[in-house]
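All remarks here apply to the structure that follows.
The values are calculated or read from the model by the stated rules, or taken from the named source; none is laboratory data. The shown structure was predicted, so the numbers you read here are calculated from the model rather than taken from an experiment. Every residue, glycine among them, receives a Cβ derived from its backbone with ideal geometry; neighbour counts consider all protein chains shown.
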Amino acid sequence: MADIIKLLPDHVANQIAAGEVVQRPASVVKELLENAIDAGATLIKLIVKDGGKTLIQVVDNGIGMSETDARLSFERHATSKISCAEDLFALKTKGFRGEALASIAAIAHVDMLTRKPDSELGVHLKIEGSKIISQEMVATSKGTSISVKNLFFNIPARRNFLKSIQVELRHIMDEFHRVALVNPSIEFHFYNNGSEIFNLPQSNSRQRITQVFGSKMKDRLVPVEEQTEVVKVSGFVCKPEFSKKSRGEQFFFANGRFIKSPYLHHAVVAAFEGLLKADHYPGYFLYLDVDPKSIDINIHPTKTEVKFDDEHTLYAVLKSAIKHSLGQFNVAPVLDFERDSNLDTPYAYKEKGAVLPKISVDATFNPFAEPAEPKKAVGSYQKPNVKGWESLYSNIDEDIEKSSFSSVHIESEGQWQSSMYEEDELSQGSGTTFQLQRKYVVSTIKSGLLVIHQNRAHERVLYEKFLGEITLKKGISQQLLFPLSMTFSPQERNILKELQEGLANVGFSFEKLEEETVEVTAVPAMVSESRIGTVLDQLIANHKEGFGEDSISQADVLAKSLSKNLAVKSGEVLDQESQMALVNDLFGCKEPTLSPMLKKTYTIISDRDLDKKLD
Ligand code: ADP
Ligand code: MG
């Protein structure tokens, strides 16, 4: 039989390698920025169009390349950074694998201009899908400029796999943060579709953190400093009261490179023991310096996963250094850093005057008589626990009249209606409900017991309400008497800008979005003033985490996010009216069976099931 093994042609090998190195536009950004840093640049410009799908350009003032080097740089395994295996254990540069440019050039249109400081002329090189299109000598400024256009032009499956422009831009910003935070002595400019979103002058690491995440960071940082034989730790942790439910501002850098390490993350969390609420994560920016011999960076093509020789010692050093800092800077446990939202005054009530409670005395009351109506006692027992819920519905009732989009709105007439059930099935419901475990709302219907998951059901109701408002632009807005000032980082403001139209449709309105301190001038009627901050923070966090990456539209993402944030949670007490309203509203939905996150909203336990159990 003939031999069947062939060596792959270079351009095919490069495309395969590209699959590992370049997952999305952000990967190109990372590689180009790292090359610029390795080239000793003191000024780096990043220019992006359409989330990097159309253009990614990095311009640096570094050492540049000669004509031959420029040509060679696009070959696979071509690098100036190492020459033998031993060099791998003394790495001072970000790159060393010599495959980034080759990979990028295999799957995009690349344009490179480069000049060494001592050469008079530079080189202009054009490459498309690994093929050199042109090469000429040109006058150009010292340093290197690489433009990457039409990423994945020759791999349609990969190109189609890219997410929306906003999502890709967010990934690019993440990479940019990672590089900018660990190189404060380099000046960075970042332009997106022609406007400058970051302008970071040379500074130190504390200033760089505030440049990137906004001046609100200034008062949050607690310095961490420790030097041992194994590792030098420096950087900052955020005070525990600023810990967040979402992951986000958590950065480890090892020898000048951003790394991911669940193990070391655990060390930080352990140092915060007793200071954090459940499900809250501390923010941190920690820079570790170890002997290059004791760290293996070469275990993954993107180099964010690394292996330390002595991880256990690092863990211990990190934990004790942070504990020490938290102690030294007097960050004592804060017992009550989140107010109980049960104590908040619902928005609609704030405007109302106080009403004297009506007390009627039952003159015929006989303490020794049998209680006539035990039911009442239960009802009035639950009443005081009503949250903003009741006002929420009273607002919405008014809204229904104003809005023509009643199919999505809450109908609290007490008449059950459903597209799923025969009219008589639900109308034979008892009309009474009760709450089980503060988690389920239970009612009876003709065929048995209806058990509704209160959180998911309310999410569904709100999701359809918000989706309707966003598409029909019918949100009921509540003008704030005094605009609320909130500070956001450039990335957060960018997300707000992305969402601005949808947010306006549900009732939010902002001013000074260009400035660090944004003014919130109006909010949806159902968002109480005290919750605006949390709602917006959560909304932004959801988007950062790619909450809606699989959503079909931005409206969908926003509606999901808002409904998740505002829905009644498990563990919250609902009074009778709210329970009924929830049942009605759920079955008024177009898709009552599933929550927006596609979980079941209710189940029915039939009398046959019960018969079987009791057999
Ligand atoms: P690596 O960074 O792993 O060496 P790359 O494919 O990223 O591999 O780059 C190949 C080579 O091209 C580098 O080793 C470097 O010599 C050169 N190079 C790439 N980008 C630049 C730049 N911005 N300035 C100067 N030289 C560069
Ligand atoms: Mg490189």
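Are any residues in region 430-456 touching an Asp or Glu at 6+ places or on another chain (Cβ under 8 Å) and either among the charged types (D, E, K, R) or outside any strand (DSSP E or B) (or both), and if so, which ones? Residues satisfying the conditions are Arg438, Lys446, Ser447, Gln454.
Could you list, in sequence order, the residues of region 581-615 that are in a helix (DSSP H, G or I) and within 12 Å of His458 (Cα to Cα)?
Of the residues in region 581-615, the ones in a helix (DSSP H, G or I) are 581-587, 607-613.
Answer for region 581-615, where residues must be in a helix (DSSP H, G or I) and within 12 Å of His458 (Cα to Cα): Ala581, Leu582, Val583, Asn584, Asp585, Leu586, Phe587.
Mind checking which residues of region 65-75 are in contact with a strand residue (DSSP E or B) (Cβ under 9 Å, 6 or more places away or on another chain) and over 15 Å from Ser147 (Cα atoms)? Break it down stepwise before answering.
Residues of region 65-75 that are in contact with a strand residue (DSSP E or B) (Cβ under 9 Å, 6 or more places away or on another chain), as a first pass: 65-67, 69-71, 73-74.
The answer is Met65, Ser66, Glu67, Asp69, Arg71.
Can you tell me which of Gly62, Gly51 is surrounded by 16 or more Cβ atoms within 10 Å (Cβ to Cβ), away from ligand 1 (no atom under 14 Å from the Cβ) and not aromatic (Phe, Trp, Tyr)?
Values: Gly62 fails: away from ligand 1 (no atom under 14 Å from the Cβ).
Of the residues listed, the single one that is surrounded by 16 or more Cβ atoms within 10 Å (Cβ to Cβ), away from ligand 1 (no atom under 14 Å from the Cβ) and not aromatic (Phe, Trp, Tyr) is Gly51.
Count of region 156-181 residues, restricted to those that are touching a residue at least 24 places away in the same chain (Cβ under 8 Å) and either farther than 17 Å from Ala26 by Cα or among the small types (Gly, Ala, Ser) (or both), is 2.
Confirm whether Ser147 is more than 10 Å from ligand 1 (Cβ to nearest atom), among the hydroxyl-bearing types (Ser, Thr, Tyr) and under 33 Å from the mean Cα position of the chain (by Cα). Answer is yes for this residue.
Could you say whether any residue in region 200-210 is under 22 Å from Lys497 (Cβ atoms) and either within 16 Å of ligand 2 (Cβ to nearest atom) or at pLDDT 90 or above (or both)?
First, pick out the residues of region 200-210 that are under 22 Å from Lys497 (Cβ atoms): 200, 210.
Now restrict to residues that are either within 16 Å of ligand 2 (Cβ to nearest atom) or at pLDDT 90 or above (or both): 200, 210.
Looking through region 200-210, at least one residue is under 22 Å from Lys497 (Cβ atoms) and either within 16 Å of ligand 2 (Cβ to nearest atom) or at pLDDT 90 or above (or both).
Here is a check on your reading of the model: is Thr79 assigned by TED's automatic domain parsing to the domain that holds Ile56, β-branched (Val, Ile, Thr), within 11 Å of ligand 1 (Cβ to nearest atom) and closer than 22 Å to Ile297 by Cβ? Answer is yes for this residue.
Output the residues belonging to region 76-111 that are away from ligand 2 (no atom under 13 Å from the Cβ) and free of Cβ contacts under 8 Å to residues at least 40 places away in the same chain.
Going residue by residue through region 76-111, those that are away from ligand 2 (no atom under 13 Å from the Cβ) are 83-90, 92, 106-111.
Correct list: Ser83, Cys84, Ala85, Glu86, Asp87, Val110, Asp111.
Can you tell me which residue is nearest to Ala106 (Cα to Cα) among those in region 132-144 that are under 39 Å from the mean Cα position of the chain (by Cα) and in a strand (DSSP E or B)? Here the residue is Thr144. Of the strands (runs of 3 or more DSSP E) lying entirely inside region 211-314, those containing at least 2 residues that are closer than 30 Å to Ala85 by Cβ are 231-238, 250-254, 257-259, 284-290. The residue that is nearest to Phe161 (Cα to Cα), counting only those in region 581-606 that are crowded, with 21+ Cβ neighbours inside 10 Å and of a type in the set (A, V, I, L, M), is Leu586. Only a single item in (1) without any contact (Cβ under 8 Å) to a residue 12 or more places away in the chain; (2) in a helix (DSSP H, G or I); (3) not polar (S, T, N, Q) is not met by Ile470, and it is number (1).
Residues that are touching a helix residue (DSSP H, G or I) at 6+ places or on another chain (Cβ under 8 Å) and free of Cβ contacts under 8 Å to residues at least 60 places away in the same chain within region 183-200 comprise Pro184, Leu200, listed in sequence order.
Does Phe176 meet the test of being assigned to a helix (DSSP H, G or I), outside the structural domain of Glu516 (by TED's automatic domain parsing), touching a Leu at 6+ places or on another chain (Cβ under 9 Å) and closer than 22 Å to Asn150 by Cα? Considered against the rule, which asks whether it is assigned to a helix (DSSP H, G or I), outside the structural domain of Glu516 (by TED's automatic domain parsing), touching a Leu at 6+ places or on another chain (Cβ under 9 Å) and closer than 22 Å to Asn150 by Cα, Phe176 comes out as yes.
Quick check on region 129-145. Is at least one of its residues within 16 Å of ligand 2 (Cβ to nearest atom), hydrophobic (A, V, I, L, M, F, W, C), out of contact with any helix residue (DSSP H, G or I) (no Cβ under 7 Å at 6 or more places or on another chain) and in contact (Cβ under 8 Å) with a residue 24 or more places away in the chain? No - not one qualifying residue is present in region 129-145.
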